[in-house]
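Heads up: the structure comes next, in structure tokens.
The values are calculated or read from the model by the stated rules, or taken from the named source; none is laboratory data. This is a predicted model, so every value here is computed, not measured. Cβ: placed from backbone, ideal geometry, glycine included. Neighbour counts: every protein chain shown. These area figures cover heavy atoms from the full protein model, side chains too; ligands, DNA and RNA do not enter into them. Shrake-Rupley method; radii C 1.70, N 1.55, O 1.52, S 1.80 Å.
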Amino acid sequence: MSSKVIHGLHAAKQFLRPYHLETYPALTPVRFQRDNLSANHRLNLFIPNIERSRMYGGQKTAFLFFTELLEHCGGDARILVERQYTSRELAAIKQQYPNWEIVPATAQSAAARQIVILDPNTRERAQLPVRPLDYFVYTYWTGAYALAQYEAFQREAFGRATPHIHLIQDFEPGFKAWSADYLLADSIYHQPNTIAVFNSVELKDWFDRLGYGFTSSYVFNPKLDPDIAKHLHDVPANHAREKLLVFYGRPSIPRNCFPLIVNALNLLLTQHPEVSREWKILSIGSSIGKITLADGQRLQTAGKMTLDDYAALMHRASVGVSLMCSPHPSYPPLEMAAFGITTITNSFVTKDLSAIPHITSLDSLSIEGLANAIWQAMQTDPHADDGKPYPPNYAHYLEYTDFFDGIIDPLCHEVLTDAEAARNGD
């Protein structure tokens with residue numbers, strides 16, 4: 001093979017893979033082509049997964065947000081999925097989304113409801129059709145990074161770019177502790193034409209404190225997942241609870257502070273041997289491997305549970321621990337407290353959940369301090385009402401009539417106003 005041909009092949013590869021994607025496969029850029037089949041405005045959700053049995057927390061909130069937005073804004077819709085599925089999984093998705101059409105990433109399709117598999121390997125081969133009125137919605141920084149060039153493409157192809165909607169559910173640079181990844185994640189918050197939507201006042205306060213600015217911003221506060229809330233009254237309020245401590249244990253997620261909790265439990269078991277005889281300890285959230293506690297017992301885990309099983313466990317437990325080294329409140333401590341569990345969590349700069357019923361929020365975390373807080377919680381009557389009403393930010397935590405606190409209508413107005421301006425050539 002001649003050097004000219006080799007050079008040409010290398011140039012082609014570099015066009016498709018402009019940086020070392022073995023290091024950052026999730027950042028593989030999306031490439032685009034003109035969509036010539038429709039001028040309708042369209043909402044696009046870029047999300048890691050849509051298989052319903054695997055949709056939890058932030059992904060579920062993002063999907064609910066997208067569907068609410070679509071219901072109010074109207075128009076067409078497309079879901080771009082970051083992972084690849086097996087044929088069996090795709091068959092399940094077709095059943096779960098009967099009104100949606102699964103469309104190849106590069107295909108020109110007039111379908112009003114499309115699901116497109118856009119994993120990193122597909123992005124290297126495919127060019128995603130883009131309309132002049134495509135509006136992109138994303139919530140994870142890797143997806144936002146992969147889509148970042150849509151604006152340049154729209155400007156070149158149509159003379160105008162649409163704003164995008166970033167559902168911010170945590171401070172994601174903090175996941176990557178002062179590194180190249182930190183800077184890459186941070187860069188997403190500096191994109192132009194960003195409509196920011198914050199999941200919690202605490203999180204928005206953090207961004208305001210750090211001086212981030214966006215084209216516009218909205219905020220809503222967390223609500224209890226309706227699929228969990230439907231189980232709140234499965235048992236009487238004064239039912240017998242077990243001497244069971246549950247904690248949110250995810251060793252692979254540093255911000256959930258798994259080593260701190262395990263070491264606090266070991267100290268507790270050493271200082272108070274009676275806990276070993278009287279209490280059960282259970283980790284939930286993910287697999288944890290083999291861990292032996294200070295009293296010789298193996299730490300038990302329920303891993304990632306179904307929501308029905310999770311709710312049943314919440315009715316059994318007396319004490320809960322869920323830490324989050326982040327300005328976002330996170331879901332588990334709020335869920336534990338909603339079920340009446342004496343719950344220990346932590347404060348973090350703009351976050352303090354201590355005003356919420358059944359929550360103790362520690363301003364400073366140490367192994368000794370956490371062990372003592374757990375011991376104190378174990379002395380509490382599991383049926384005691386601490387008398388705290390929900391604070392204003394969480395007054396509607398148990399209500400589901402407006403999951404997004406009234407932000408959907410003004411947000412849709414902003415999108416539709418932009419679409420009308422584009423149609424008028426403004």
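For region 126-158, a tally of residues being touching a Lys or Arg at 6+ places or on another chain (Cβ under 9 Å), open to solvent by 20 Å² or more (accessible area, probe 1.4 Å) and either free of Cβ contacts under 8 Å to residues at least 24 places away in the same chain or part of a loop (DSSP other than H, G, I, E, B) (or both) returns 2. Can you tell me which residue in region 193-212 is surrounded by the fewest Cβ atoms within 10 Å (Cβ to Cβ), limited to those that are outside any helix (DSSP H, G or I) and either out of contact with any Ser or Thr (no Cβ under 9 Å at 6 or more places or on another chain) or of a type in the set (A, V, I, L, M) (or both)? Restricting to residues being outside any helix (DSSP H, G or I) and either out of contact with any Ser or Thr (no Cβ under 9 Å at 6 or more places or on another chain) or of a type in the set (A, V, I, L, M) (or both), the top hit is Gly211. Of the residues Phe46, Phe63, which single one is modelled with pLDDT of 95 or more, within 12 Å of the chain's Cα centre (by Cα) and surrounded by 15 or more Cβ atoms within 10 Å (Cβ to Cβ)? Of the residues listed, the single one that is modelled with pLDDT of 95 or more, within 12 Å of the chain's Cα centre (by Cα) and surrounded by 15 or more Cβ atoms within 10 Å (Cβ to Cβ) is Phe63. Restrict the check to region 254-261 and report whether at least one residue is under 28 Å from Asp405 (Cβ atoms) and of a type outside the set (D, E, K, R). Yes, some residue in region 254-261 is under 28 Å from Asp405 (Cβ atoms) and of a type outside the set (D, E, K, R). Considering (1) over 28 Å from Asn193 (Cα atoms); (2) open to solvent by 20 Å² or more (accessible area, probe 1.4 Å); (3) not in a helix (DSSP H, G or I), the lone condition that Asp227 does not fulfil carries the number (3).
Taking region 292-309 as the range and being assigned to a loop (DSSP other than H, G, I, E, B), within 15 Å of Asn263 (Cα to Cα) and open to solvent by 40 Å² or more (accessible area, probe 1.4 Å) as the test, the residues that pass are Ala294, Asp295, Gly296, Gln297. Quick check on region 68-77. Is at least one of its residues surrounded by fewer than 15 Cβ atoms within 10 Å (Cβ to Cβ) and in contact with a strand residue (DSSP E or B) (Cβ under 9 Å, 6 or more places away or on another chain)? Within region 68-77 (the criterion being surrounded by fewer than 15 Cβ atoms within 10 Å (Cβ to Cβ) and in contact with a strand residue (DSSP E or B) (Cβ under 9 Å, 6 or more places away or on another chain)), the answer is no, since none of the residues qualifies.
A quick yes/no check of all residues on (1) loosely packed, with under 13 Cβ neighbours inside 10 Å; (2) not in a helix (DSSP H, G or I):
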site	(1), (2)
Thr345	no, yes
Pro357	no, yes
Leu365	no, yes
Ile374	no, no
Pro382	no, yes
Leu398	yes, yes
Asp405	no, yes
Glu414	no, no
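Of all the listed residues (Ser276, Ser326), the sole one being open to solvent by less than 40 Å² (accessible area, probe 1.4 Å), polar (S, T, N, Q) and modelled with pLDDT of 95 or more is Ser326.
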